C-alpha cells in the first residue's frame, strides 16, 4: 500500500470524526492507486475550517483554498487539466453557507470532481456556532437562545441542482465510507458525499446517529424518484431514521468535455 | 481637410456604433488615422447615444469639442450637439425626423428622407445607419467602391439590402466638400479592449475568465468569439468571487490565465487577489475603471481605482500594476503583465478604463517595443520539489501538477517551503521576507523596461503629468503648447528613480487626472515627489483637446 502520510502533526481533537474521513480517503486513494490510478494526478482542494487540515495530512497534490471557495478552484483545475482527479473537501459552513452558490454551480455544470462534505453541523474552528444544517433551536455561541431557522437538506438541494452522484456516510463505519469514496471518485461527473462527521467538542452526535442510521438496501440509484424519496426521509431536523449509502447516480456530459 | 471630427448621434438601437465604425474604416482605408470616442447611456433601447469620429493625417488618441460634420439621425442629435458645430460645419440629417432651426449661418445642411427609404425598402430600423454612411460618403466625394468594399467585409448578413440602402443614401445627396485621401499606409482599427485581448493571447493566455461588467465585457465577448481560433478556454462563472478563484485553480494546474472586471467586481475579487499573493499563484487582472462610488456611472469613464488597485487585499504583498494609455500600450503591457506575473508568481493588474477599452484607435504594430520575455524560473527535477523553496531572489522554481513522485502543495495559510501550514514565528518571518524579496528582484528587472514615457519638448519649464487614457489628449495638447509630458506606465512597483529623473528641472508640474482627488499625485507624494497644479475631471467624460488646452494655458507658465 502506498504511503500517503505526511510529516504534519495532526491537531484534530481526539475522537474527531475527521479521522474517519482521513483514513477512509487514504484507504480509497491507496486502493485506487493499486488499481492503476496515477497518484500524482490527484489534487485535493479544501476550504477553511477543521476539515481543511486534511490537505496537510495526505501526501498528494493539494490546494488549500479560502473559506467557501472549494469548488471554483477545483473547476479551474479541471478546466486546465481534465485528466486530473480532483477531490474537494469542504465543511458544511464552507459548502452550504459561505460558498453555496459555487456548490450549486459546480453541480449544475456537472464538473467531473468529487465533493466530500465534512458535515458536523457546527462551526468547530470558530468554537461552536450554528451552521446551515444545524437543527431548529440549536444553541450555539451566536444563538444562545436557539436558532430560529430550519436547516437545509443539502442532498435535496443538490439533486435539484443537477449533481449526478449523491451519497451520505457517517464518521462511524470506515469500510462503508471508503467504499462510497471510491465509487464517488470513479464516478464521471459531479459526485457529492455528505458525511455526517461528528464534532466531539461542540456537537457530539455519535450516539444519536448510531441509533438512527441504516444502510440503503435494495435501492436503485438510477431511479430519481426513489432517490428523492430516500433523500427526503430525514430532513436534518426532525427525528427520523437516517439512510446512508449511494442515493443517486446518473450519466451526463461533464463541464470540461465542452471545451 | 486633414483633421476633422464627425459626430453621429441618435437613439440607442439606431446602430450608431456600427455606422461610426464603418465611416472610420472607410476613412482609415483612405490613409487617415482615427480615434473614436463612444458615448452611450446604460440602457438597451432608446436614450441618446453618439460617437465622435476624429480623423487626422497624424496618429491621434483624443477627441475635439468642435464638430465638422454632424450626422443627425434624430432631433436630439441636432439639439444636443448644435452648439459644438464649427462655423462651416456640414449637417447631414434625416428630413423625415429632424427640423432644422437656429443653426449657425455658415452651416451647410443636407437633408434626405432616411426614414422613408427604410420604410420603402422594408428594412429594419437599425439599417438607417447604412443610409447615412452612403450619404456622408457622397457628400465628401468618397468613391462608392470604398464603401462597397468595406460593407462586403463588415456585413455577414443582409449585405445586399444594406448596400442597396447605402446606395439610396448615396444617391439622395449631392457632393458638398472633398475628403482627400492621405498618402500613407492604412492601419487597422482596434479598440483598447481588443488590443488588451490580443496582448494577452500574445503572452500565451490559455484561459480567460470573467463575469460581465462594463467596461471590460467586450474582452469577454471578443475572446469568447475567438476561443477556437486561439485555442483558449473562455468561461463566464457565477460571480467575480468564482472568477478569480477559478482562475487560481487553472493557474495552479499550469494555464496562463487572466480575468477582467471593473471596480465593483474587483471588490469581490480582493480575497482572491490576496490569496494569489500568499499562494504565489500568478494571475492577470484587467481592471477597467468606471465612475463610482458603488454602481456610479456604468458606461462612463474615470481613473479612480489606482489606490484601490495598489492597496486591495488583506496583508502586505507585492503586485504589478501597469496603466496603458492607448491601444499599442494596452497590447504590449497586457503581454508584459502575463510575463511578469508568471516569472515572479504574483498578481498583475492592468489598469484600463472605459475610454481606453471602448475607444477605437488606428493600431500601429510597428511601434510596439520589442520586449524581452521574462522567462519563469522552472524546477530542474534534481532535488525533491518544494513549491516555496526559499531562494535568494525569493522566486521559487515553479512547476505544475502532475509531477511524478513529487507533490505540489499550495496554501492560503502561512506555510513552510513544502506548502504545509505553519504558525512558527521563524518560518512566518522567513516566508514573508521571501515573498517580499520578489518585489526587489522585479524592481531590478524593470530597470531595463521603459517604465516611464516622456514626450514633447524635453527642455520645457512646464511638465504635464498623466497616466492611462489621458495620455493621448495630454501629448497632443503638449505639442501645441511646446511642453513636456511625463507618463508612468508602471505604477507598482513605482519607478521612483525614473520618475524623479523625468520631472527634474521643471518649473511647473501639472497633473492631469480623471478623478476628484489626484490619485497619481498622492502616490508620488509617498516618494517625496508631487505636482504644483492639478487639473481634475470627474464627470465621467474624457477631456477634449480644446478643453484641456485651455485649462493648461490657465495654469502654465
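Rule-based calculations on the coordinates, nothing more; no lab input. Keep in mind that what you see is a predicted model, and the values were worked out from it rather than measured. All Cβ positions, even for glycine, are placed from backbone atoms using ideal geometry, and neighbour counts span all protein chains on display.
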Notebook entry, point to check: When only C-alpha pairs under 8 Å and at least 6 residues apart count, what is the relative contact order of chain B, in percent?
Noted result: 12 percent
Checklist line | Mean Cβ count within 10 Å, highest first, over the residues of peptides B:546-555, B:262-271 | finding: B:262-271, B:546-555
Next item on the list: Run through every distinct alpha carbon pair of the stretch A:73-220 and return the Kirkwood hydrodynamic radius in angstroms, one decimal place.
Entry: 16.1 Å
Checklist line | Cα-based shape type of the stretch B:71-182, given that a ≥ b ≥ c are square roots of the gyration tensor eigenvalues and the cut on a/c is 1.5 | finding: oblate
Next item on the list: Report Rg (one decimal) and Dmax (nearest whole number) for the protein assembly as shown, counting Cα atoms only, units Å.
Entry: 30.8, 95
Next item on the list: Report the residue, chosen from A:163, A:28, A:80, that carries the largest GNM mean-square fluctuation when chain A is represented by alpha-carbon nodes joined by springs under 10 Å.
Entry: A:80
Margin query: On C-alpha positions alone, give me the angle between the axis of helix B:545-555 and the longest principal axis of chain B, in degrees, nearest 10.
Written below: 70 degrees
Checklist line | Ordering of B:88-100, A:115-127, B:460-472, A:1-13 by packing [mean C-beta count within 10 Å, highest first] | finding: B:460-472, A:115-127, B:88-100, A:1-13
Item checked: the stretch B:452-555: projected area of the alpha-carbon convex hull, averaged over directions, in nm² -> 5.8 nm²
Next item on the list: Determine the distance separating the Cα centre of the stretch A:26-77 from the Cα centre of the stretch B:483-505; give it in Å without decimals.
Entry: 47 Å
Next item on the list: Mind checking B:397-407 for the average number of partner chain beta-carbons within 10 Å of each residue's beta-carbon?
Entry: 4
Next item on the list: Quote the relative contact order of chain A in percent (integer), defining contacts as alpha-carbon pairs under 8 Å separated by 6+ residues.
Entry: 19 percent
Notebook entry, point to check: If one computes the Cα centroid of the stretch B:244-274 and of the stretch A:172-193, what distance in Å separates the two points?
Noted result: 31 Å
Notebook entry, point to check: What shape does chain A have by the C-alpha gyration tensor, where a ≥ b ≥ c are the square roots of the eigenvalues, rounded means a/c under 1.5, and otherwise prolate means a/b greater than b/c and oblate the rest?
Noted result: rounded
Next item on the list: In whole angstrom, note down how far apart the Cα centers of the stretch B:177-233 and the stretch B:511-551 are.
Entry: 29 Å
Next item on the list: Provide a whole-number value for the mean count of partner chain Cβ atoms within 10 Å of the Cβ atoms in peptide A:5-11.
Entry: 2
Next item on the list: Working from Cα positions, state the angle (0 to 90°, nearest 10) between the long axis of helix B:471-481 and the longest principal axis of chain B.
Entry: 60 degrees
Item checked: Relative contact order (%) - the stretch B:436-519, alpha-carbon pairs under 8 angstrom, separation at least six -> 37 percent
Next item on the list: Only helical DSSP H runs with n ≥ 4 go in: add -39500 (n - 2.57) per run for chain B, normalise by residue count and round the 222 nm mean residue ellipticity to 500 deg cm²/dmol.
Entry: -11000 deg cm²/dmol
Margin query: Rounding to the nearest 10 and keeping the result within 0 to 90°, find how far the Cα-based axis of helix B:128-139 lies from the longest principal axis of chain B.
Written below: 70 degrees
Margin query: Per-residue counts of other Cβ atoms within 10 Å, averaged by peptide: what ranking do you get for B:103-115, B:8-20, highest first?
Written below: B:8-20, B:103-115
Item checked: Average other protein chain Cβ within 10 Å of Cβ, residues B:252-263 -> 3
